[in-house]
Amino acid sequence: MASSLCFHRLRRTLAILTVGIMVAGANAQAFTSVVIDAGHGGRDPGSVWNGMFEKNLCLDVAKRLNALLQDRNMKTVMTRSRDSYVDLGERSAISNRQENAIFVSIHFNASRNHSISGFEVHYRSKRGLTLAKSIERGISKAVNARKREGEWKDYKVLRETNATAVLVECGFISHTKEAARCSHPDHRQALAQGIANGILAVKTKL
């Protein structure tokens, strides 16, 4: 009888612990808003190649992403919505003031090696990796571009942002053909759609 009672108590304890872990996990992992960070801006133009300023491309894609997510009833916050300079620390601070948020920083790439092309999504945490892979899949389905392998990066906006955070490099504007694609609004809309799809696909999994 004593052993049976101990067994039932053990089962009850395990059940309580399991429920507690599930609830805690759900609360820690759920996100209800997206902080959209348009890279560079104002006095910081970012990369300048083939007649294009990275800061303008970043803002354009960020605005498109913002509209797409709002259409899906997602709460969004933009670190900048115009051509203004925002310090890297302030970008993270804006994100850290939000509850249950993820952070998505939009950039375009460049290299002195003009043959390099493709997009990539960088991260700094395990959840960041999950989000990065989902966004990679979303972009791959939305645009005809080479997928480069995203990497763990110690970028300040990733390091100082408390939320799950990624940095999306949408393409190399130093690559002539890719720059030509990036100059078209339709391509930037497709990039934004791919990023949005990746975010929405992982909403219940992070």
Yes/no for ALA38 being of a type in the set (Gly, Ala, Ser), within 21 Å of ALA163 (Cβ to Cβ) and out of contact with any Asp or Glu (no Cβ under 7 Å at 6 or more places or on another chain): yes
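Results for (1) in a loop (DSSP other than H, G, I, E, B); (2) within 22 Å of HIS40 (Cα to Cα), shown as yes or no for each residue.
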residue: ALA132; (1), (2): no, yes
residue: SER140; (1), (2): no, no
residue: ASN144; (1), (2): yes, no
residue: ASN162; (1), (2): yes, yes
residue: GLU169; (1), (2): no, yes
residue: THR204; (1), (2): yes, no
Unmet criterion (only one of (1) assigned to a helix (DSSP H, G or I); (2) over 13 Å from the mean Cα position of the chain (by Cα); (3) under 19 Å from HIS187 (Cα atoms)) for ILE116: (1)
Qualifying residue in segment 108-118 (condition: surrounded by fewer than 24 Cβ atoms within 10 Å (Cβ to Cβ) and on the phi > 0 side of the Ramachandran plot): yes
Some residue of segment 51-67 being more than 19 Å from ARG181 (Cβ to Cβ), touching a helix residue (DSSP H, G or I) at 6+ places or on another chain (Cβ under 6 Å), modelled with pLDDT of 95 or more and assigned by TED's automatic domain parsing to the domain that holds THR130: no
From the options GLY150, GLY171, residue that is in contact with a strand residue (DSSP E or B) (Cβ under 8 Å, 6 or more places away or on another chain) and either at positive phi or outside the structural domain of VAL121 (by TED's automatic domain parsing) (or both): GLY171
Every pair of residues 6+ apart whose Cβ atoms lie under 7 Å, when the first sits in segment 195-206 and is on the phi < 0 side of the Ramachandran plot and at pLDDT below 95 while the second is assigned to a helix (DSSP H, G or I) and surrounded by fewer than 16 Cβ atoms within 10 Å (Cβ to Cβ): LEU206/GLN29
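The values are calculated or read from the model by the stated rules, or taken from the named source; none is laboratory data. Note that the coordinates shown come from a computational prediction; the quantities given were computed from them, not determined experimentally. Positions of Cβ are backbone-derived with ideal geometry, glycine not excepted, and every protein chain shown enters the neighbour counts.
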